[in-house]
Amino acid sequence: MFATLLGGLPRPPLPDRATADALVGAVVEAQATAGLEPVTDGGWWGDRPALEAWRATAALANHAVKQVLSGPLSMGEDDTLVAAAALNRIVRDLADAGCPLVEIHEPAIGRIGPDPSGWDRFARAHDRLTEGVAGIHLSLAITGGSADASGIPTLVGLPYASLAVDLIAGPDNWRLVRATPGTRGIVCGALSPLAGSDDGPETLVWAAAYAASGDGRGPDRVGLATASSLARLPWATAIAKLERLGAAARLAALPAEALRAALDPRAIDSRSAALGSADRPAR
């Protein structure tokens, strides 16, 4: 079981004169300290080309580094096939450079709705993006809302090794999770990006277990993540969320009995909790 970030992080509390290298180094260290892997640059390289950004982040990290790219529908280009072809070249270059994972973010999925022509356009763009790509793990991230049920066959049919889904803004994405073959990975975006949310481990652990149970997927093909970007939060709040996320992933990997002892019993067995036969573990 692993944990990772979907989206960006806020600016670290460094001096105004801090370089981009220092900012990225701080966000990489924060993720690694919380137990997240793969790590990202947190969105702090600005407009640096993707290959250059990945190499620079990898040079600052002792962990696997993924590169995040906006998908062809979410880039705002008029011709999505042209955008997809450009992304295909970038992904190939990243694969050749040794990048282990590229995450394609498509928040625009939530705007397609039940329109068949919209899903056909989406499929053609992503077929072009993934054409001939080998030697790298490609993941499609759906954040900011739910994919319409009519689009599930399209999404399942695309050649992505895993899907990362926002389960907070898009709870109906559970339908997509259940429809995805067990041979593919699922990253459960189950940690809220909102300040003041309940970030206890029980919901996160349940999400991981439920995703692992589908079609024999198992925990080795499941990860936990933030539902979307934490960039709008204060730094300390974002870091606390990363720590909760990493802790939940470690709990989810425990054997059943150890996991049961570590969680709030009311989240597992309401009868024993109500009768007072189980104590709530200290936070």
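Restricting attention to segment 204-234 and to residues that are in contact (Cβ under 8 Å) with a residue 60 or more places away in the chain and hydroxyl-bearing (Ser, Thr, Tyr), the residue that is farthest from Leu254 (Cα to Cα) turns out to be Ser229.
Checking Leu251, Leu224, Leu233, Leu259 one by one, the residue that is under 15 Å from Pro12 (Cβ atoms) and in contact with a helix residue (DSSP H, G or I) (Cβ under 9 Å, 6 or more places away or on another chain) is Leu233 and no other. For segment 108-128, the set of residues classified as buried (at least 18 other Cβ atoms within 10 Å of the Cβ), modelled with pLDDT of 95 or more and within 15 Å of Leu163 (Cβ to Cβ) consists of Phe122, His126, listed by residue number.
Listed here are the residues, each with its yes/no results for (1) assigned to a helix (DSSP H, G or I); (2) among the β-branched types (Val, Ile, Thr); (3) farther than 22 Å from Val39 by Cα.
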| site | (1), (2), (3) |
| --- | --- |
| Arg55 | yes, no, no |
| Ala58 | yes, no, no |
| Asn62 | no, no, no |
| Leu81 | yes, no, yes |
| Ala84 | yes, no, yes |
| Leu87 | yes, no, no |
| Ala147 | no, no, yes |
| Pro153 | yes, no, yes |
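In segment 155-175, of all residues being part of a loop (DSSP other than H, G, I, E, B) and aliphatic (A, V, I, L, M), the one that is surrounded by the fewest Cβ atoms within 10 Å (Cβ to Cβ) corresponds to Ala161.
Listed by first and then second residue, the pairs linking a residue in segment 237-255 that is surrounded by fewer than 17 Cβ atoms within 10 Å (Cβ to Cβ) to a residue that is hydroxyl-bearing (Ser, Thr, Tyr) and in a helix (DSSP H, G or I), with Cβ atoms under 7 Å apart and 6 or more places separating them unless they lie on different chains, form an empty list.
Of all residues in segment 109-118, those that are in a helix (DSSP H, G or I) and either outside the structural domain of Leu140 (by TED's automatic domain parsing) or within 22 Å of the chain's Cα centre (by Cα) (or both) total 3. Whenever a residue of segment 152-167 is in the same structural domain as Leu6 (by TED's automatic domain parsing), its partners that are among the basic types (Lys, Arg) and at pLDDT 95 or above, lying with C-beta atoms within less than 6 angstrom and at least six residues away or across chains, give the pairs Ser162/Arg184.
Of the residues making up segment 263-277, those that are at pLDDT below 80 and either surrounded by 16 or more Cβ atoms within 10 Å (Cβ to Cβ) or not hydroxyl-bearing (Ser, Thr, Tyr) (or both) are Asp264, Pro265, Arg266, Ala267, Ile268, Asp269, Arg271, Ala273, Ala274, Leu275, Gly276. Selection within segment 211-236: residues that are in a helix (DSSP H, G or I) and buried (at least 17 other Cβ atoms within 10 Å of the Cβ). The member of this set that is modelled with the lowest pLDDT is Gly214.
The values are calculated or read from the model by the stated rules, or taken from the named source; none is laboratory data. Note that this is a predicted model, so its numbers are computed, not measured. Because the Cβ atoms are built from the backbone with ideal geometry, glycine has one as well, and the counts that use them run over all protein chains shown.
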